[in-house]
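**Q** Encoded as structure tokens, here's the structure I'll be asking about.
The values are calculated or read from the model by the stated rules, or taken from the named source; none is laboratory data. This is a predicted model, so every value here is computed, not measured. Cβ placement follows ideal geometry from the backbone for every residue including glycine, while neighbour counts extend to all protein chains displayed.
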Amino acid sequence: MPGISSTKPMSMLVDVAIPNTKFDYLTYQTDLELHPGDLVLVPLKKKIKYGIVISTNVSRSIPNIKEVHKLVEANFIPIELLNLYRWIADYYVSYLGEVLKQAFPPRVLKKFEYVRKDYEKSALVKEPTPTYHQAHAINRILYSIKRNIFKVFLLFGVTGSGKTEVYLRVVAEVLKNGGRALVLVPEISMTPLLLKRFNERFGNEVITIHSGLTEKERRHAWYGIKKGVYKIIIGPRSAVFLPISNLKVIIVDEEHDHSYKEHQQAVKYNARDVAVVRAKIENITVVLGSATPQIESYYNAGMGKYELLVLKERIDSRPLPCVEMVDLKKERKKFISSKLEKAIEEVLQRDEQAILFLNRRGFAPSLLCPNCGYVVKCPYCRLPMVYHRAWSKDGSSILSCHTCDYKIDFIKICPNCGRATLLYRGAGIQRIEEMIRKILKEKIGPAGKEPADYVLRLDRDVARKRGEAEKILQRFEEQKAKILLGTQLVTKGFDFPNVTFVGIVNADTILNLPDFRSGEKTFQILTQVAGRAGRGEKPGTVLIQTYHPEQYSILFSQLQNYPKFYAEEMKLRKELNFPPFSRLVLVRLSGKNEQSVWEDAKRVCKLLDEIKGINIFGPNQSFYYKIRNNYRVYILIKAPLKFDHRRLKFLRQIKLNRTKLEIDVDPIDVF
Ligand SMILES: [Zn+2]
Ligand SMILES: [Zn+2]
């Protein structure tokens, strides 16, 4: 109605972003006095939707322009945060509507009255005296915070060197001066120690955002944070979106951890990188902490983009564990070598504790017919199905596809030839558990305690039951069990002082993935697991079982030498032109119709071929080619660092035959 609008006084055009839409913004007309960051109601396709004003006084001629319905709340989010959201949309080649969907908890835009709950004050604990290296790091970080400038620190400290104490001191000082702190952690349930120490030190100043919160609790937390009720916000990757006023420092603990990367939703951001950009926009300090920094972070430190702070020693000068290797090629027993068996026995004799690590769930990774060679595979993904014992409550076993989660009842006889009993190949963590129990029974004999009391298993299957993971960790901490057998879940920041031995049952599980990061991932996981040993007063030992003892990432994790690993890894990255020497963008296409997925992929490739200066690889079958009947194909773009990958946004507008197209900038997995 352009004729009517011209008669209204002071009318202006505004751009409004609307959560959960596939566009950046729509332009509306209004005679309200609006500003960027305001929450408004606007009409969209016969409905009224919440939206955020992103710019005002727009001069653009738009036919049939609609009017802003209502101003809900002025200054709903600060302009800096809005700029961050816009940066994310740009950088990750996505739409602002998609970013807003991921940035706000569900229904947070509905009207909400915040009422402060009362919390009990906890008894605060005494602070330990920092070591020389800790004190240096604390001083450097605080100096930067005081100057109110943008700065990134990489806090590189060996496992057990006391990074958390540095965080605590820095945060304490920030609070003293009226500031707020954001602490990002990889997975809340897996970082009980860090949470405990923050809660002990700061009591009810801390709020923890985690997946166990209800929708209502989440909204309560969001508004509480916005109002400045909480001073320390601890949360997983999505906490980087929170509206925190007077934010002075962002800490990213275990910055190398892959759970900082969003894999599922449309905007595939990395919270560590977003934290750095947020700090830049708000002119504040970031601390990235790790014992095994991501290659790119250590490179940035080397280039002077980040300041490197090193914690060389474990606290109280405790030695790093001594690491030994077992070459499985030379062993008769392929799953638990005699050396590993002996080490476990010795731990029990000394009445100490051990952690055993195997990154493979279930009892056996596949079932094979000895008669016809048939392997039971998932009908949707064509990958071997994993045998899980005693899966259901009634104790029955199943076969499960670890890619799409498809499950069937356990089958004993080969369904192909019907003439033989299926055999299991390889060992998952359940099978290792059974073997350990058997060994213990032999060693301890019938007179001893039941081996069941000695061994605990922690993996995603056990952790399915809510609160079970915490229960297991507590039992182990109270030394009610001697051996903790776990998958990747046990690599995170735990601290069990009585653990003197760590056994890595098979170091090769990650190494075999077809990915340029597999060496880095292997080094990180091995070093992190090994770092669980000898954190108390007793020294620790580590045993790594592998078929590839000469492989550099395994070798340098044995030596616990990150700089040497880094040097070797960088040679490879340079030779193959992988990050940090180039930028990667992965385009994934998937759909139910195999032929049209490939046709679409080829079309996309053709369009990409016209862009000068970049290298295109593919289309290729993804490592997991068929998941849930979806065929998956990828195209890898390798571009020089100066290439502006935001140009690729046109890909999102191509009309495809029911094929889903996703863009992953700086991907973690390339397969
Ligand atoms: Zn499957
Ligand atoms: Zn058969």
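**Q** Among what's in segment 492-534 and is over 30 Å from F581 (Cα atoms) and of a type in the set (V, I, T), pick the residue that is nearest to the chain's Cα centre (by Cα).
**A** Here the answer is I504.
**Q** In segment 230-258, which residue that is out of contact with any Pro (no Cβ under 8 Å at 6 or more places or on another chain) and of a type in the set (S, T, Y) is surrounded by the fewest Cβ atoms within 10 Å (Cβ to Cβ)?
**A** Here the residue is S238.
**Q** Something else now. Considering only segment 363-402, state which residues are touching a residue at least 24 places away in the same chain (Cβ under 8 Å), under 11 Å from R425 (Cα atoms) and more than 13 Å from ligand 2 (Cβ to nearest atom).
**A** F363, A364, P365, S366, V386, Y387
**Q** Also: Would you tally the residues in segment 533-551 being within 20 Å of A427 (Cβ to Cβ) and surrounded by fewer than 21 Cβ atoms within 10 Å (Cβ to Cβ)?
**A** Residues meeting the conditions: 3.
**Q** Additional query: Go through the residues of segment 326-336 one by one and say whether even a single one is buried (at least 16 other Cβ atoms within 10 Å of the Cβ), in the same structural domain as R475 (by TED's automatic domain parsing) and not in a loop (DSSP other than H, G, I, E, B).
**A** yes
**Q** I want to confirm something. Restricting to segment 642-671 and keeping residues that are closer than 21 Å to Q621 by Cβ and touching a Pro at 6+ places or on another chain (Cβ under 9 Å), which single residue is modelled with the highest pLDDT?
**A** In this case the residue turns out to be V670.
**Q** Can you list residue pairs whose Cβ atoms sit under 8 Å apart, with the first residue in segment 613-637 being farther than 20 Å from L584 by Cβ and within 12 Å of ligand 1 (Cβ to nearest atom) and the second being at pLDDT below 90 and among the hydrophobic types (A, V, I, L, M, F, W, C)? Count only pairs 6 or more apart in sequence or on different chains.
**A** Y625/C381; K626/C381; I627/C381; I627/C404; R628/C381; R628/C404
Yes or no, residue by residue, for (1) outside the structural domain of F494 (by TED's automatic domain parsing); (2) in contact with a helix residue (DSSP H, G or I) (Cβ under 9 Å, 6 or more places away or on another chain); (3) within 23 Å of R573 (Cβ to Cβ):
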{"site": "K216", "(1), (2), (3)": "yes, no, no"}
{"site": "V240", "(1), (2), (3)": "yes, yes, no"}
{"site": "V267", "(1), (2), (3)": "yes, yes, no"}
{"site": "A279", "(1), (2), (3)": "yes, no, no"}
{"site": "I295", "(1), (2), (3)": "yes, yes, yes"}
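**Q** Count, please, the residues in segment 642-660 that happen to be out of contact with any Asp or Glu (no Cβ under 7 Å at 6 or more places or on another chain) and exposed (fewer than 13 other Cβ atoms within 10 Å of the Cβ).
**A** Qualifying residue count, segment 642-660: 8.
**Q** Only one of (1) crowded, with 24+ Cβ neighbours inside 10 Å; (2) among the acidic types (D, E); (3) in a helix (DSSP H, G or I) is not met by E296, so which one is it?
**A** Condition (1) is where E296 drops out.
**Q** Do we find that F671 is crowded, with 16+ Cβ neighbours inside 10 Å and under 27 Å from A291 (Cβ atoms) in this structure?
**A** Yes: the conditions hold for F671.
**Q** When you scan segment 223-282, how many residues do you find that are hydrophobic (A, V, I, L, M, F, W, C) and farther than 16 Å from Y167 by Cβ?
**A** Residues that pass the stated criteria total 13.
**Q** Separate question: Are there any pairs, at least 6 apart or on different chains, whose C-beta atoms fall under 6 Å, with the first in segment 404-427 and under 14 Å from W391 (Cβ atoms) and the second more than 8 Å from ligand 2 (Cβ to nearest atom) and assigned to a loop (DSSP other than H, G, I, E, B), and if so, which?
**A** Y406/C378; Y406/Y380; F410/S397
**Q** Does V455 qualify as being free of Cβ contacts under 8 Å to residues at least 60 places away in the same chain and more than 16 Å from ligand 2 (Cβ to nearest atom)?
**A** yes
**Q** Taking into account only those residues within segment 361-377 that are assigned to a strand (DSSP E or B) and within 14 Å of ligand 1 (Cβ to nearest atom), which is farthest from the chain's Cα centre (by Cα)?
**A** Here is the first cut: in segment 361-377, the residues assigned to a strand (DSSP E or B) are 364, 366-368, 375, 377.
Retained after the next criterion (residues that are within 14 Å of ligand 1 (Cβ to nearest atom)): 366, 375, 377.
On the way: S366: 28, V375: 33, K377: 29 Å.
So the residue we want is V375.
**Q** Against the definition (in contact with a strand residue (DSSP E or B) (Cβ under 9 Å, 6 or more places away or on another chain), assigned to a loop (DSSP other than H, G, I, E, B) and hydroxyl-bearing (S, T, Y)), how does Y380 come out, yes or no?
**A** Criteria met by Y380.
**Q** Just the residues that are farther than 28 Å from A266 by Cα and loosely packed, with under 15 Cβ neighbours inside 10 Å, please, taken from segment 67-82.
**A** Selection gives K70, A74.
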